[in-house]
């Protein structure tokens, strides 16, 4: 594929709908969807997710719901800050018993996207989705910030609705 570039991906040990191990963002979102995160953990997840959305290029294959089934890998040479910012999400996964690993490869798949920090690849192999840890809500993640789906946003929405009914 390339000359000596190394790639790294933080991922759970269970496979999702694409037939590959889900990345840490998807794994934490599965916990969020199952209502397992505390309000503070959820806000931390949203903060990190929003930071990545603002600071990491968004591969175009995500725009259409990732119908090509690509996954992203960081370039080890340029992603130290990105990996450091993911540590709290890995801590959340560990807390809830979701196993995760640091996958490394010099050839993670057929590259269909590349920027300074990451590549998007079509994996060489796929398997059937595997059982997820108990009590997780699987499903595709939503595009864009998920903050509007959080507990605090729901509480604000209920408070506004209550005021409107009283008003």
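Order of 7, 74 from fewest to most other C-beta atoms within 10 Å?
Numbers: 7 24, 74 20.
Fewest to most other Cβ atoms nearby, the residues stand as 74, 7.
Checking the a/c ratio against 1.5 first, then a/b against b/c, what shape does the Cα gyration tensor give for segment 74-140?
Numbers: a/c = 2.43, a/b = 1.28, b/c = 1.90.
Oblate is the answer for segment 74-140, as a/c is 1.5 or above yet b/c matches or exceeds a/b.
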Neighbour counts of other C-beta atoms within 10 Å: give me 14, 45 arranged from fewest to most. 14, 45
Could the peptides 48-55, 111-118, 60-67 be put in order, highest first, of the mean number of other beta-carbon atoms found within 10 Å of their residues? 111-118, 48-55, 60-67
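What ranking of 95, 75 emerges when the number of other C-beta atoms within 10 Å of each C-beta is taken as an exposure proxy, fewest first? Write down the numbers at each step before the final one.
Working: 95 13, 75 18.
Ascending number of Cβ neighbours within 10 Å: 95, 75.
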Report the extension gain between residue 102 and residue 35 in nm, rounded to one decimal, defined as 0.36 nm multiplied by the number of residues separating them, less their alpha carbon distance. 21.6 nm
Over all viewing directions the Cα convex hull of segment 30-104 casts an average projected area in nm² of 6.0 nm²
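Shape verdict for segment 6-59, please, from the Cα gyration tensor: rounded (a/c under 1.5), prolate (a/b greater than b/c) or oblate. Mind showing how you got there, number by number?
Working: a/c = 2.22, a/b = 1.13, b/c = 1.96.
Judged from the Cα gyration tensor, segment 6-59 comes out oblate (a/c at least 1.5, b/c at or above a/b).
All of the numbers you see were taken from the coordinates with simple rules; none came from a lab. Because the structure is a prediction, the values reported are computed rather than measured. Don't worry about glycine lacking a Cβ; one is built from the backbone with ideal geometry, like all the others, and counts go over all protein chains shown.
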